[in-house]
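To start, the structure itself, in structure tokens.
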6 protein chains.
Amino acid sequence: MKILLINSNTSQVVTDKVAAGARAVASPGTEILAVCGEFGARVMGTRSEEAIGHHSTIALAAKHAPGCDAVVIAVSYDTGLRGTRELLDIPVVGMTEAALLTACMLGGKIGLVNFGARVRPLYEELVASYGLSSRVAGWRTVESTAAYKPGSDDELEALLVKQANDLVERDFAETVILTGAVMAGVAARIQSRVSVPVLDGIAAGVPQAELLARACWPKPTRGSYAAPGKREMVNVDAAVAKRYT
Amino acid sequence: MKILLINSNTSQVVTDKVAAGARAVASPGTEILAVCGEFGARVMGTRSEEAIGHHSTIALAAKHAPGCDAVVIAVSYDTGLRGTRELLDIPVVGMTEAALLTACMLGGKIGLVNFGARVRPLYEELVASYGLSSRVAGWRTVESTAAYKPGSDDELEALLVKQANDLVERDFAETVILTGAVMAGVAARIQSRVSVPVLDGIAAGVPQAELLARACWPKPTRGSYAAPGKREMVNVDAAVAKRYT
Amino acid sequence: MKILLINSNTSQVVTDKVAAGARAVASPGTEILAVCGEFGARVMGTRSEEAIGHHSTIALAAKHAPGCDAVVIAVSYDTGLRGTRELLDIPVVGMTEAALLTACMLGGKIGLVNFGARVRPLYEELVASYGLSSRVAGWRTVESTAAYKPGSDDELEALLVKQANDLVERDFAETVILTGAVMAGVAARIQSRVSVPVLDGIAAGVPQAELLARACWPKPTRGSYAAPGKREMVNVDAAVAKRYT
Amino acid sequence: MKILLINSNTSQVVTDKVAAGARAVASPGTEILAVCGEFGARVMGTRSEEAIGHHSTIALAAKHAPGCDAVVIAVSYDTGLRGTRELLDIPVVGMTEAALLTACMLGGKIGLVNFGARVRPLYEELVASYGLSSRVAGWRTVESTAAYKPGSDDELEALLVKQANDLVERDFAETVILTGAVMAGVAARIQSRVSVPVLDGIAAGVPQAELLARACWPKPTRGSYAAPGKREMVNVDAAVAKRYT
Amino acid sequence: MKILLINSNTSQVVTDKVAAGARAVASPGTEILAVCGEFGARVMGTRSEEAIGHHSTIALAAKHAPGCDAVVIAVSYDTGLRGTRELLDIPVVGMTEAALLTACMLGGKIGLVNFGARVRPLYEELVASYGLSSRVAGWRTVESTAAYKPGSDDELEALLVKQANDLVERDFAETVILTGAVMAGVAARIQSRVSVPVLDGIAAGVPQAELLARACWPKPTRGSYAAPGKREMVNVDAAVAKRYT
Amino acid sequence: MKILLINSNTSQVVTDKVAAGARAVASPGTEILAVCGEFGARVMGTRSEEAIGHHSTIALAAKHAPGCDAVVIAVSYDTGLRGTRELLDIPVVGMTEAALLTACMLGGKIGLVNFGARVRPLYEELVASYGLSSRVAGWRTVESTAAYKPGSDDELEALLVKQANDLVERDFAETVILTGAVMAGVAARIQSRVSVPVLDGIAAGVPQAELLARACWPKPTRGSYAAPGKREMVNVDAAVAKRYT
């Protein structure tokens, strides 16, 4: 099986991190193809950057999906998820969506940790868009860019452990999600120090993508996720345009 | 891997159907152990029967879980799910919960088909208990007991196809779930005649149980899903009592 | 009038407390029959114990309801409420449900105090299951087992007064509910030290049960609360089995 | 015990109907004092009339509450309920609020019948204001003024039976509420022809008012339902003004 | 254009403040007619006072609306808004409703500051009645009556700045609303010290009233906001009575 | 004042329609600058097209906003609204958001008419993203492409009148919104045949944009709508890149 990881940031370091995280959790025999955006923000951290990212995700999907069995959107706002899900004939999973839904199956309310006060509203809106706001126990917002450097960071991980356990103690969280593509692999590293399951979107998303790829649910032929069919497109990348012919 | 299917009904025909459905979707190498209730209703169809079923699920779980890697509650009210999830050290998945969460990952609103007006409120309450009411496009309630007979039933399946497509056309459902343990395998049989993905709880639940069993999230040590620990129990089955020692 | 109090714990001390609390608030001429569970947890404090408790409630109801005019579920998770309500021909009231609905009639948002972080999620889920989450002002969780001893406890009551008033001051609660069967009578004892009405489930539940018993609303003949009718039951207590004949 | 029924309409025929309905359900020994508005609409049927009715309820409460043990707002929009509850030292119950909360204790979702498309939104807003929208199974709106004539009306009652049963069959209602002060007594008359409990606000409200009057919950001394205390009032009825001194 | 500001308090100082605030934001050529209540509370601060205020708003609207192009309810509970909107043929805007809806268009969640713990629940209920609770980031309640004195108050304004910025920092508010008619003009004065837009109901309500007056949407002829038509009214002010003829 | 209308479709006929609609409702002295997308779908009608449209909106905004006082997103999915609102220093209004919020101020629940079953879910998700789902009375979906031709269409308008009045009669809508950029001007043309106010997003959005442009609320300096500041951007249009310098 071949899973396409779409990181519509234009930052190879992030792509490398998600690819490593994905390979660590993928089933034996699953190949990971991690691609990086060709235009837009280095690391999306604002609403306008994320708006551009929607297009980037579509462009990467159109170009790289052929030959793949499923897609994971490897940006933690799940940027472009719904459009890509419609466009392709293979399953498309959002990393944060997958973390949330998997956490639901572990039981109870979910604590969320995010990086940066500025984007906290984007995550709250994302959770609400999945209809899952009532499953949230609480939020913690961490101001740190350490995660964007290569390698791990002990100080950051200690902080995340503290925040995760605080979500358990004070907000009654029964699972914790670390949002952010760069958290791939971090959840596993801090797990032993946290009293409830800790998820990241890659550790949840890759197995969910595999699951959907193995299952036999077909592409819908009606509704908003049916293939778009022949549509007139102007000035878009050839790979994108081809999808509408 | 070994998956325990707990059918807390006392009806072997239903157990056989879910076991067959489970084996049809399980990964190569996954063993299915399907067990049937030792007390309570033949097929739970009322609130009081379901109340007894909670205990039956716990008793079956305590007795049969040793040696298994994950559990699927194979009663479509997910009877005893939360209690079993707490009691055991292995992942426990509800068949209807799994269908709902998997449907979320396919995108859009969900149409649900249930059997019997009498239990429709139980399903609505179940969906609400997962915080997923806002993901529901609509409901259809079918009055038929044909599904409880061995084998398939063309007339029933034609009716289900009609109801599923009606959910798509009139209620804008983008996936359809057939609730009921006896629907195991039916979704796959009618899929080609329905314009959106059709899920049943076994086809969704067994792969989700496999996924969680393969993943490395630990049993929580805090919160309402931590192991109950040593507790004083009166007049319960030895296997159950042993869990609290 | 005769009210059946079902304490599906197997702990006589708790049964005695709820019986005393019930007698203190019952109308003149109302007889209280308080029964204790015959199997299961001493005091339910975990999800799996509560799952077993569902059955216990049904068993106690089937055995003791004949000759009674109404039932109060005297376990504060309202364990087995819906099943018992269906099974019997007399009104069945949950102690926490009754406290919540009565508090609604006193006006404004409700503060809740519960015992034990571990079961806090169970109470939140219970309130949500009644559709009343939006009426909650806030929660306070107390870690103390003092209430399970016979008699009253000054220190505990001082703590409850503090928590109740804190719910008023900081969370704008306009009534406070003390959850837990062992709180029967405590609300009345601390009332004078709290600035808003303090309810417990027995003080609210017994009068509501009397009210419904006096009223003339019939048992429904349709829907999920109609009598279950003749159903095939396996290996259940004779009194339970008789209900389905 | 003495219960004050406040009908802030200025229509004696409605007052007579609610008084008769109240006496039919009151406990032996309960005296019913039913009062009629001194200004405003004959029968409130618009938003502006209801706005005036708020004042009328307050004026009637201030004048007639002395000597009473509890109040029932006998207008089915529960007009002035919250203000009266604050103003008086005795329990104040809204007839529709009481019907809704009592129906909750009978179990399941509630069907509602109202008179007149024009005021249907007012009832929907009222139910929402109690946080109970999720408990509603469905609505039926009847266009008829027959209920405002003295006596009963066979044709109207046959229509109500039909609508109530339709709410059960098609919308899965497990109780039905007939809104409107003039429905007092009608629920009881049609009950035998409807398959689930049928409530009206007077049949539910008078017993709930008795219950609260017998109970010992005190007037809050904090929050929005505490007595208003000394306040400067301009050009209001002497009885009203006296309440703020 | 002529805008009627209805302050159904009986306090000229408040009326003067809202009039000044309104004139400061009105378009050139817009005339502001600010009227004060003729009966009821000096400054509504309790539920019963607000109940009387509903009538006061209707009375002021009936008397002063002729010749005006739109109305702003200049009481921050939007007292009598829905009734007045129905009664008149011109647009009627609630000051708090307008602030909330305008804040929505500025984007993100809204922080609210109110005066007095006692009335905090009234504001929460008001926001809920508009269906906007999910747009609220948080609340701050200030205990101060300084705003009711003529002129500005540096100490109060410093406190408001602090609370507003705290809503931004800790609750992720992206706009802040100062509730209370006497806040007219204060938002503008503190704006430069707060990091997000600060709104008051007059600064939002007057422009929204102008907008609706300029637009061409007609009075509905169906539904709950259609004119009440000929209705029988008892003992009401002549101007009010005339509206129902 | 100069208002920028961003139609991120690449279809001049739609741009012309919205420009005409905007000019018909703009205040005297307001200049309308209507721009058309340079890449992407002719008329967005699928999720993936809309994903591309987010970028198109940002690109148009970056290029054309200089010299303008406010922006109206003239695509009825409000495509790119939140990103544009963050990016620019001037107010940005979504046409559907503006219609919804303006309808709220006219009172009561809102009926919505949309074109095409395929995109109906997009509109439902959009309304939910504003937190306004509870304000919706009902939906009608029309299958017609007549609106995309130049000029008006009597048959289509008759159909819209019928659907709008049906929303009033059967779903108790008190206002009706015609979604779709091509509905600009249609609401006004059919208004006299519908019993409640009929809004379109341009007729609501242009005046709201004018209102915000006239008002003095500043650009936030904190939170998710603050200017993005200096950010590293790759391979984007020069006008876009300049915004992040």
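The values are calculated or read from the model by the stated rules, or taken from the named source; none is laboratory data. Note that the structure is a prediction, hence the values are computed from the model and not measured. Here Cβ is always computed from backbone atoms with ideal geometry, including for glycine, and neighbour counts include all displayed protein chains.
Couple of notes before you dig in:
- Residue in the stretch B:22-45 that is closer than 22 Å to B:S133 by Cα, modelled with pLDDT of 95 or more and surrounded by 24 or more Cβ atoms within 10 Å (Cβ to Cβ) present: no
- Residue within the stretch B:3-19 that is in contact (Cβ under 8 Å) with a residue 24 or more places away in the chain, surrounded by fewer than 23 Cβ atoms within 10 Å (Cβ to Cβ), over 21 Å from B:A146 (Cβ atoms) and out of contact with any helix residue (DSSP H, G or I) (no Cβ under 8 Å at 6 or more places or on another chain) present: no
- Unmet criterion (only one of (1) touching a Ser or Thr at 6+ places or on another chain (Cβ under 6 Å); (2) surrounded by 24 or more Cβ atoms within 10 Å (Cβ to Cβ); (3) more than 30 Å from C:G80 (Cβ to Cβ)) for D:A103: (3)
- Some residue of the stretch E:161-168 being among the acidic types (D, E) and either closer than 21 Å to E:F115 by Cα or modelled with pLDDT under 95 (or both): yes
- The set of residues from the stretch D:123-158 being surrounded by 18 or more Cβ atoms within 10 Å (Cβ to Cβ) and among the aliphatic types (A, V, I, L, M) comprises D:L126, D:V127, D:L132, D:V136, D:A137, D:V142, D:A147, D:L156.
- Verdict on B:P197 being outside the structural domain of B:T102 (by TED's automatic domain parsing) and either surrounded by fewer than 23 Cβ atoms within 10 Å (Cβ to Cβ) or in contact with a Leu (Cβ under 8 Å, 6 or more places away or on another chain) (or both): no
- Considering (1) surrounded by 21 or more Cβ atoms within 10 Å (Cβ to Cβ); (2) of a type outside the set (A, V, I, L, M, F, W, C); (3) at positive phi, the lone condition that E:T79 does not fulfil carries the number (3).
- Scoring E:V182 on the criteria (1) touching a strand residue (DSSP E or B) at 6+ places or on another chain (Cβ under 6 Å); (2) buried (at least 23 other Cβ atoms within 10 Å of the Cβ); (3) farther than 21 Å from E:C104 by Cβ; (4) not charged (D, E, K, R) leaves a single failure, condition (1).
- Filter result for C:L100 (in contact with a strand residue (DSSP E or B) (Cβ under 8 Å, 6 or more places away or on another chain) and in the same structural domain as C:A181 (by TED's automatic domain parsing)): yes
- Residue count for the stretch C:89-101 under the criterion of being outside any helix (DSSP H, G or I) and either at the interface with chain D (Cβ under 9 Å from one of its Cβ atoms) or of a type in the set (S, T, Y) (or both): the result is 4.
- Screening the stretch A:226-239 for residues that are surrounded by fewer than 16 Cβ atoms within 10 Å (Cβ to Cβ) and not hydrophobic (A, V, I, L, M, F, W, C) and picking the one that is farthest from F:G37 (Cα to Cα) gives A:G229.
- Condition met for A:R120 (at pLDDT 95 or above, in contact with a strand residue (DSSP E or B) (Cβ under 8 Å, 6 or more places away or on another chain) and not assigned by TED's automatic domain parsing to the domain that holds A:M233): yes
- Going through (1) part of a helix (DSSP H, G or I); (2) more than 10 Å from every other protein chain (Cβ to nearest Cβ); (3) within 12 Å of the chain's Cα centre (by Cα) one by one, B:L60 falls short only on (3).
- If you go through the stretch C:206-225 and keep only what is surrounded by fewer than 18 Cβ atoms within 10 Å (Cβ to Cβ) and over 22 Å from the mean Cα position of the chain (by Cα), you end up with C:C216, C:P218, C:T221, C:R222.
- Contacts under 6 angstrom Cβ, first residue in the stretch B:122-135 being closer than 18 Å to F:S134 by Cβ, partner surrounded by fewer than 20 Cβ atoms within 10 Å (Cβ to Cβ) and not charged (D, E, K, R), 6 or more apart: B:G131/A:S134; B:S134/A:G131; B:R135/A:G131
- Out of B:T84, B:T79, sole residue that is within 14 Å of chain C (Cβ to nearest Cβ), assigned to a loop (DSSP other than H, G, I, E, B), under 19 Å from the mean Cα position of the chain (by Cα) and of a type in the set (S, T, N, Q): B:T79
- Selection within the stretch D:217-245 - of a type outside the set (K, R) and more than 7 Å from every other protein chain (Cβ to nearest Cβ): D:A226, D:A227, D:G229, D:D237, D:A238, D:A239, D:V240, D:A241, D:Y244, D:T245
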